[in-house]
Amino acid sequence: MQTAARVHEIAPFHVMEVQTAARALEAAGRSVIHMEIGEPDFPTPEPVVAAAQAGIAGGAVYYTSALGLPELREAIASHYHDHYGVTISPARVVVTSGSSAALLLTLAALVNRDEQILLSDPGYPCTRHLVRTLEGEAVGIPVGPESNYQLTADQVSAYWRPHTRAALVASPSNPTGTMLARPELERIAAVAADRGGRLIVDEIYLGLSYAEAPRSALSLSDEIFVVSSFSKYFNMTGWRLGWLVAPERHVRDIEKLAQSLYISPPTPSQRAALACFRPETLEILEARRREFQARRDFLVPALRELGFGIPVLPTGGFFVYADCSRFGLDSERFALEALAATGVAFTPGVDFGRNRPDAHVRFAYTIGRSKLEEGMRRLAAWLPTLVRT
Ligand SMILES: Cc1ncc(COP(=O)(O)O)c(C=O)c1O
């Protein structure tokens, strides 16, 4: 029997090919500089690990409500108040298995067969795969440096059709690390509302912002769906915990979906996450955020110096999306040849959409500064051997 059509239309991650090749090189004794990895290199903060251990030792291993532990929902709501100055009801917070599940629940609550979701291209690939899984259509809208690699309200308006249900933006974005300017976000929200649709904002990298005090889209309206995560800022990728803040009248439907999809988010992880908002944990995380910023401040000028095009300074997350077209190879070959020649691993643009992926690569600064420096030294020695265009 054949597998379902949706499976054939979901592309594998090409970064995995680079990662597999990188691991094979390492197994053969080569030193590899990993700039393809999309997760923080820092360990989960110690108070969080201790809270998990205490939770497990105390027997906290049973299912929770599908919406998550009430005290964690409250802690997340308080975090928005303390950190972003937004007051939200804990009743709107749904704790999920990573923001991946938050995206899935949101899209499952909104999208019918053949209905459209507008997304930026380049963008995070899983989102369009989730839309496809739900028999909807993800419409990738090409974005470039002129709009900070983010959707504009004019584009959302031009692409909106009667069967469009929502626009989804990620700020800061993966792969570009760029943010949506507040006035543009307001205009996009207004277009979506005018058309009777929705705005979904992926704020998974918002804690890792390096520009002015970051603002959550939640301060704009109670009608926006915001997804976020413990994975990145809180250094908890493998704990599989995130959350969604939904308009209150949708929470019951989302709860029904969550009950059926995975019953409850992982209980030991929720117990652990309660320690995330303690002052001692936030102090650790803020120091790490400053370290990410220092890495960015080293890496962007270093890559520009080598000849990569980075027209917009990334202001969040831990990625740099760089134009490599000057080096005369399509990005996938460029990434594989760079790996073979230098041991520096990074991600070709093909994972992020159809908008000039062959001309772009993504560097992750999820390694320490001395390794970043070593990576740049190796590329500097190799790049002149390529014919530049
Ligand atoms: C933009 C964006 N959204 C969502 C996710 C999903 O992350 P998680 O499920 O670990 O919260 C990722 C992961 O890399 C991402 O880059």
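The values are calculated or read from the model by the stated rules, or taken from the named source; none is laboratory data. What you are looking at is a predicted structure, and each value in this text was computed from that prediction instead of being measured. Don't worry about glycine lacking a Cβ; one is built from the backbone with ideal geometry, like all the others, and counts go over all protein chains shown.
For this structure, a couple of remarks:
- Just one of the listed residues (A217, A189, A213, A193) is crowded, with 24+ Cβ neighbours inside 10 Å and either modelled with pLDDT under 95 or not acidic (D, E) (or both), namely A217.
- Enumeration of residues in the stretch 145-166 that are under 22 Å from G349 (Cα atoms) and touching a residue at least 40 places away in the same chain (Cβ under 8 Å): P145, N148, Y149
- Of the helices (runs of 4 or more DSSP H) that lie entirely inside the stretch 273-389, those containing 1 or more residues that are in contact with a His (Cβ under 9 Å, 6 or more places away or on another chain), closer than 29 Å to E46 by Cβ and among the charged types (D, E, K, R) span 369-382.
Quick grid of which residues meet (1) among the aliphatic types (A, V, I, L, M); (2) touching a Leu at 6+ places or on another chain (Cβ under 9 Å); (3) within 21 Å of G238 (Cα to Cα):
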{"residue": "E9", "(1), (2), (3)": "no, no, no"}
{"residue": "F13", "(1), (2), (3)": "no, no, yes"}
{"residue": "R23", "(1), (2), (3)": "no, no, yes"}
{"residue": "E26", "(1), (2), (3)": "no, no, no"}
{"residue": "E39", "(1), (2), (3)": "no, no, yes"}
{"residue": "A54", "(1), (2), (3)": "yes, no, yes"}
{"residue": "L67", "(1), (2), (3)": "yes, no, yes"}
{"residue": "I76", "(1), (2), (3)": "yes, no, yes"}
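- Qualifying positions in the stretch 54-75 - part of a helix (DSSP H, G or I) and not hydrophobic (A, V, I, L, M, F, W, C): G55, P70, E71, R73, E74
- Within the stretch 158-186, considering residues that are outside any loop (DSSP other than H, G, I, E, B) and farther than 15 Å from E203 by Cα, the one farthest from the chain's Cα centre (by Cα): A158
- Filtered by the rule that a residue be away from the ligand (no atom under 16 Å from the Cβ) and either of a type in the set (G, A, S) or in contact (Cβ under 8 Å) with a residue 60 or more places away in the chain (or both), the stretch 201-221 gives Y210, A211, A213, R215, L218, S219, S221.
- You will find that of S78, S99, the residue that is over 15 Å from E248 (Cβ atoms), more than 15 Å from the ligand (Cβ to nearest atom) and part of a helix (DSSP H, G or I) is S78 and no other.
- Positions within the stretch 261-283 being buried (at least 17 other Cβ atoms within 10 Å of the Cβ) and among the β-branched types (V, I, T), in sequence order: T267, T281
- Looking only at residues in the stretch 215-252 that are in a helix (DSSP H, G or I) and under 15 Å from the mean Cα position of the chain (by Cα), the one that is farthest from S171 (Cα to Cα) is G238.
- Test: residue in the stretch 193-200 that is assigned to a loop (DSSP other than H, G, I, E, B), within 16 Å of the ligand (Cβ to nearest atom) and either within 14 Å of V94 (Cβ to Cβ) or in contact with a His (Cβ under 9 Å, 6 or more places away or on another chain) (or both): no
- Residue check for A51: more than 16 Å from the ligand (Cβ to nearest atom) and either in a helix (DSSP H, G or I) or aromatic (F, W, Y) (or both): yes
- Any hit, the stretch 170-181, residues being more than 20 Å from Y321 (Cβ to Cβ) and either touching a residue at least 12 places away in the same chain (Cβ under 8 Å) or more than 16 Å from the ligand (Cβ to nearest atom) (or both): no
- Within the stretch 108-130, the set of residues being closer than 22 Å to L185 by Cα, in contact with a helix residue (DSSP H, G or I) (Cβ under 6 Å, 6 or more places away or on another chain) and away from the ligand (no atom under 12 Å from the Cβ) comprises I117, L118.
- Any hit, the stretch 203-220, residues being in contact with a Phe, Trp or Tyr (Cβ under 9 Å, 6 or more places away or on another chain) and at positive phi: no
- Number of residues in the stretch 253-272 that are in contact with a strand residue (DSSP E or B) (Cβ under 7 Å, 6 or more places away or on another chain) and not in a helix (DSSP H, G or I): the value is 1.
Here is a yes/no grid of residues against (1) closer than 29 Å to T176 by Cβ; (2) among the acidic types (D, E); (3) out of contact with any Asp or Glu (no Cβ under 9 Å at 6 or more places or on another chain):
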| position | (1), (2), (3) |
| --- | --- |
| R73 | no, no, yes |
| A91 | no, no, no |
| V94 | yes, no, no |
| Y124 | yes, no, no |
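- The criterion of being surrounded by 13 or more Cβ atoms within 10 Å (Cβ to Cβ), in contact with a His (Cβ under 9 Å, 6 or more places away or on another chain) and not in a helix (DSSP H, G or I) does not hold for I37.
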